[in-house]
């Protein structure tokens, strides 16, 4: 409990220690580059690229929400997957980084945009001795967005097609030649490769999307977890509702054939004097909270800060 309280205290101190007229990030940027003089450089091309190096250009942009949630609580007893893990706590910290890179535009003349994206979620058992990371989920993607922007079709704005891989980067110890030497180790490998289509609509301050995906069904792709689609599902529906400074989201993902699903609700509100930082609350209920526990029904509440919405 002392670790939990001290972590929350440090977060709030960090937020409120900054002057209300400037932000922490502005101060950092100024302190790094304010001593450099770019204007007296005669070489125009060198001057241009030195300015870019000085922070005027950054090719990556947010994809999903980027956040750190110092305090998360679950009703589930997380499993120990290696003998050295020890007893996991019901309290943990969750971190997500997610960004995309625009790599090309208008290849076929439809005004489409091509992207590479990468997302990673990490589950950190911060409040137990040695503070191990319980799980990482890695999710690279390649996708194209076709703008529609029509007032017809119920306000359909764009259609997205892509390829994605999601895994926890773990191996299957039972398939190695040394598996007999580690009888207490369990198979931690979890992965799905899939192609997907996503349809995005807008109605006033509400944005919602429907996403469907098809996993690659060849034997090797799902051999470590052949029933993962039963729980993880093959479709999702998400709504985003903006009300003044507030943002509410609700997402349900699952397999309607098997009657298995996972749902997620989030709420965010801007921190008044720190640019680009939001209070962030997340609640999850159902299957697929993380890949390692895809077949466990989990309820989890988390609170922290996001840096994109």
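The values are calculated or read from the model by the stated rules, or taken from the named source; none is laboratory data. Note that the coordinates shown come from a computational prediction; the quantities given were computed from them, not determined experimentally. Here Cβ is always computed from backbone atoms with ideal geometry, including for glycine, and neighbour counts include all displayed protein chains.
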For segment 258-275, the count of residues that are touching a residue at least 12 places away in the same chain (Cβ under 8 Å) and closer than 27 Å to residue 236 by Cβ equals 12
Taking the stated definitions as given, is residue 105 in contact (Cβ under 8 Å) with a residue 12 or more places away in the chain, loosely packed, with under 13 Cβ neighbours inside 10 Å, over 23 Å from the mean Cα position of the chain (by Cα) and more than 20 Å from residue 287 (Cβ to Cβ)?
no
Answer residue from segment 276-309, given it is at positive phi and assigned to a loop (DSSP other than H, G, I, E, B) and is surrounded by the most Cβ atoms within 10 Å (Cβ to Cβ) among those:
288
Counted residues in segment 245-254 being in a strand (DSSP E or B) and surrounded by fewer than 17 Cβ atoms within 10 Å (Cβ to Cβ) come to 3
Within segment 116-147, the count of residues that are outside any strand (DSSP E or B) and either outside the structural domain of residue 194 (by TED's automatic domain parsing) or surrounded by fewer than 17 Cβ atoms within 10 Å (Cβ to Cβ) (or both) comes to 5
Are any of the residues in segment 159-170 at pLDDT below 80 and either surrounded by fewer than 15 Cβ atoms within 10 Å (Cβ to Cβ) or not assigned by TED's automatic domain parsing to the domain that holds residue 103 (or both)?
no
Failed condition for residue 273, given (1) surrounded by fewer than 16 Cβ atoms within 10 Å (Cβ to Cβ); (2) under 16 Å from the mean Cα position of the chain (by Cα); (3) not in a strand (DSSP E or B)
(2)
From (1) in contact (Cβ under 8 Å) with a residue 40 or more places away in the chain; (2) over 15 Å from residue 69 (Cα atoms), pick out the condition that doesn't hold for residue 280.
(2)
